[in-house]
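Structure first, then comments.
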Amino acid sequence: AIDPGRRLVHQSCAECHGEAGLGDGPAAVNLSPRPANWRTVEFQSQSDACIFWKLTTGRGAMPPAERMPEAQRWQIVMLIRSLGTK
């Protein structure tokens with residue numbers, strides 16, 4: 001699930017969250033609040049279900065991904081988990 005998740009993140013999330021999930025994508029500078037850094041201890045301490053819910057419903061400037069197939073949303077969660085913390 002990691003490779004498909006990586007492709008989905010590149011297509012749908014990297015503009016704001018960055019390719020490495022640090023919240024530093026090219027569109028991030030114009031957003032308030034800034035996109036989440038997926039590699040922080042705080043973010044990684046959330047449950048998979050919490051991350052899935054936020055992805056599905058959207059948050060702030062992040063649009064909801066509710067139209068994305070559920071399996072693809074879980075692939076993004078798996079990719080986020082694979083990043084770990086920095």
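The values are calculated or read from the model by the stated rules, or taken from the named source; none is laboratory data. For clarity, every value in this text was computed on a predicted model and none was experimentally measured. No Cβ is skipped: glycine too gets one built from the backbone with ideal geometry, and neighbour counts run over all protein chains shown. SASA here: full protein model, heavy atoms, side chains in, ligands and nucleic acids out. Shrake-Rupley method; radii C 1.70, N 1.55, O 1.52, S 1.80 Å.
Based on Cα atoms of the range 14-86, Rg over Rh with Rh as the Kirkwood radius reads 0.93.
Protein heavy-atom surface of the chain, 1.4 angstrom probe: 55% of the accessible area is carbon and sulfur, with nucleic acids and ligands not counted.
Our summary gives the chain a relative contact order of 35 percent, counting only alpha carbon pairs under 8 angstrom and 6 or more residues apart.
Note on the chain: helix-only mean residue ellipticity at 222 nm, from DSSP H runs of 4+ residues weighted -39500 (n - 2.57) and normalised by residue number, equals -14000 deg cm²/dmol.
Using the Cβ-Cβ distance between residue 45 and residue 20 with R0 = 22 Å, the FRET efficiency computed as 1/(1 + (r/R0)^6) comes to roughly 0.70.
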